[in-house]
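Colleague: What follows is a structure written as structure tokens; I'll ask about it next.
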Amino acid sequence: MQAPVFPAEPTQFPLTDLALVRLTGEERAKYLQGQVTCDVNALAPGQSTLGGHCDAKGKLWGDFRLYCLQESLLLQTRASLLARQLPELKKFAVFARVDIQPCDWTSLAIAGTGTDAWIATEFGLSDTGLTPSGMAARVAPDRWLLVSEQDPALALPQASQDLWWALDIAAGIPHLEAVHQGEYIPQMINLQALGGISFTKGCYMGQETVARAKYRGASNRALFVLAGEASATVASGDTLERQLGEHWRRSGLVLNAWQQDGQVWLTAVLPKDTEADALFRLKQEEGSRLHLQPLPYALDD
């Protein structure tokens, strides 16, 4: 199955599906530390991490990328999550010296052969760090995310954000949508394998459930990458069925999907013990066929 084609040169992707929330105030790090799965206190200006924001039962309101700037923290997540997530994030802010507001900074990505060298020339960075108007985060070789207070007006060719999300899917990077809120604990979307969970930082919302999943093996589902053929439009929340003998049984839900010319790549949360040769289809399209693809990282608890 042909994977999404990596750009042959540095290419920019405006990420209009994303939203940014800015935290300011002297207790911004202390406050966020008690709300999310990643170790906010460990970040210095110019550093970034993935993370999750859970309810009291350990179910995710959303996943995010966090950027640590000199005077603020930026939380970057899917825009569809904010209607429910933002009020939960702000719920206890009245008790701390912190201000939490959506902001209109620019989110964009750059990918393609030679991007690392281009970033080094443009910003003087070989890894994640501050830029004159924000931050640049290196997520993989020749793949970068940028957040900027002003439109950076880069002299690069531009492409649809769909290809960037396709590259994330192939890399096993999750992006929850509103339809998934309250469904999964962080380990079910592999945040522990992507550095998005600290098991030593202390208490935060939902921490007991997350710790139990690690130390007592309480999580029996994980994120997988699948690829195959489908002609119908595939969307977040669609149902996957797995073949068991002559029958098909519901197995999980689509997290993110990318389609082109009858081919589809998607991520889905499935039972952790799913066999590598398992065959799947989309419930709404009985003729579709999907197979598991190797994850580019180890699935640790």
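The values are calculated or read from the model by the stated rules, or taken from the named source; none is laboratory data. A quick note: this is a predicted structure, and the numbers were derived from the prediction, not measured. A quick note on method: Cβ atoms are made from the backbone with ideal geometry, for glycine too, and the neighbour counts reach across all protein chains shown. Side chains included, ligands, DNA and RNA excluded: accessible areas come from the protein's heavy atoms. Shrake-Rupley method; radii C 1.70, N 1.55, O 1.52, S 1.80 Å.
Colleague: Averaging over all projection directions, find the projected area of the Cα convex hull of the range 43-127 and quote it in nm² with one decimal place.
Modeller: Details: hull surface 29.5 nm².
For the range 43-127, the mean projected area of the Cα convex hull comes to 7.4 nm².
Colleague: Cβ neighbours within 10 Å, averaged per peptide: list 27-34, 189-196, 96-103 in order, most packed at the top.
Modeller: Values: 27-34: 18.5, 189-196: 21.4, 96-103: 15.0.
Highest-to-lowest ranking by the protection proxy: 189-196, 27-34, 96-103.
Colleague: Arrange the residues Arg22, Arg281, Arg250 by how much accessible surface each exposes, largest first, with a 1.4 angstrom probe.
Modeller: Working: Arg22 85, Arg281 30, Arg250 160 Å².
Output order, biggest surface exposure first: Arg250, Arg22, Arg281.
Colleague: To continue, here is another question. Over the heavy atoms of Ser231, what accessible area does a 1.4 Å probe trace out, to the nearest 10 Å²?
Modeller: It works out to around 100 Å².
Colleague: May I pose another question? Lys and Arg at +1, Asp and Glu at -1: add these up for the other residues within a Cβ distance under 15 Å of Glu246 and post the number. Walk me through the numbers before you get to the answer.
Modeller: On the way: positive: Arg242, Arg249, Arg281; negative: Glu241, Glu286.
Net of charged neighbours comes to +1.
Colleague: How much accessible area does Ser251 have with a 1.4 Å probe, in Å² rounded to the nearest 10?
Modeller: About 10 Å², ignoring ligands and nucleic acids.
Colleague: Given the C-alpha centroids of the range 252-301 and the range 135-149, what is the distance between them in whole angstrom?
Modeller: So the separation of the two Cα centres works out to 27 Å.
Colleague: Here is a follow-up. For the range 1-44, state the average projected area of the convex hull of the C-alpha atoms over all orientations, rounded to one decimal in nm². Walk me through the intermediate numbers first.
Modeller: Numbers: hull surface 25.2 nm².
Seen from a random direction, the Cα hull of the range 1-44 projects 6.3 nm² on average.
Colleague: Next up: Could you give the nm distance between label points at Glu286 and Cys203, where each point is 7 Å from its Cα heading toward the beta carbon?
Modeller: 5.4 nm
Colleague: On to the next question. Tell me the label-point distance for the pair Asp300, Ala140, using the 7 Å Cα-to-Cβ offset, in nm and rounded to one decimal.
Modeller: 2.0 nm
Colleague: 222 nm [θ] for the chain, helices only, -39500 (n - 2.57) per DSSP H run of 4+, per residue, to 500? Write down the numbers at each step before the final one.
Modeller: Numbers: 5 runs with 42 residues, N = 301.
My calculation for the chain gives -4000 deg cm²/dmol from helical runs alone.
Colleague: In nm, what is the difference between 0.36 nm times the number of residues separating Glu27 and Lys57 and their Cα-Cα distance? Don't skip to the answer; put the middle values down first.
Modeller: Working: separation 30, 0.36 × 30 = 10.80 nm, distance 2.50 nm.
So the chain would gain 8.3 nm between Glu27 and Lys57.
Colleague: Can I ask one more? At a Förster distance of 45 Å, what's the computed FRET efficiency of Asp99 paired with Ala276, Cβ-Cβ distance as r, to 0.05?
Modeller: Values: r = 48 Å, r/R0 = 1.07.
That pair, Asp99 with Ala276, gives E of 0.40.
Colleague: While we're on this one: Can you figure out the FRET efficiency of Gln158 with Ala178, using R₀ = 30 Å and their beta-carbon distance, to the nearest 0.05? It would help to have the intermediate numbers written out before the result.
Modeller: On the way: r = 27 Å, r/R0 = 0.91.
Rounded to the nearest 0.05, the efficiency is 0.65.
Colleague: Would you please give the FRET efficiency between Lys91 and Glu149, computed as 1/(1 + (r/R0)^6) with r the Cβ-Cβ distance and R0 = 22 Å, to the nearest 0.05?
Modeller: Working: r = 27 Å, r/R0 = 1.24.
The formula returns an efficiency of 0.20 here.
Colleague: Hey, any idea what Rg/Rh is for the range 1-159, computing Rh the Kirkwood way over Cα pairs?
Modeller: On the way: Rg = 16.2 Å, Rh = 16.4 Å.
Using only Cα positions, Rg/Rh for the range 1-159 is 0.99.
Colleague: Suppose we look only past 26 Å in the calculated P(r) of the chain. What percent of the Cα-Cα pairs does that tail hold?
Modeller: On the way: 20603 of 45150 pairs.
Of all Cα-Cα pairs in the chain, 46 percent lie more than 26 Å apart.
Colleague: What are the radius of gyration and Dmax of the range 146-301, computed over its Cα atoms and given in Å?
Modeller: That works out to 17.3, 57 Å for Rg and Dmax.
Colleague: Expected output is a single nm value to one decimal: the length gained when fully extending between Ala3 and Ser231, i.e. 0.36 nm times separation in residues minus the C-alpha distance. What is it? Walk me through the numbers before you get to the answer.
Modeller: Numbers: separation 228, 0.36 × 228 = 82.08 nm, distance 1.70 nm.
Full extension from Ala3 to Ser231 adds 80.4 nm.
Colleague: Would you mind calculating the relative contact order of the range 63-171 from Cα pairs under 8 angstrom and at least 6 residues apart, reporting the percent as a whole number? Walk me through the numbers before you get to the answer.
Modeller: Details: 102 pairs, mean separation 23.3, N = 109.
Rounded, it is 21 percent for the range 63-171.
Colleague: Give me the three principal axis extents of the range 210-269 from the C-alpha atoms, as integers in angstrom, largest value leading.
Modeller: Sorted from largest, the Cα extents of the range 210-269 read 44, 28, 16 Å.
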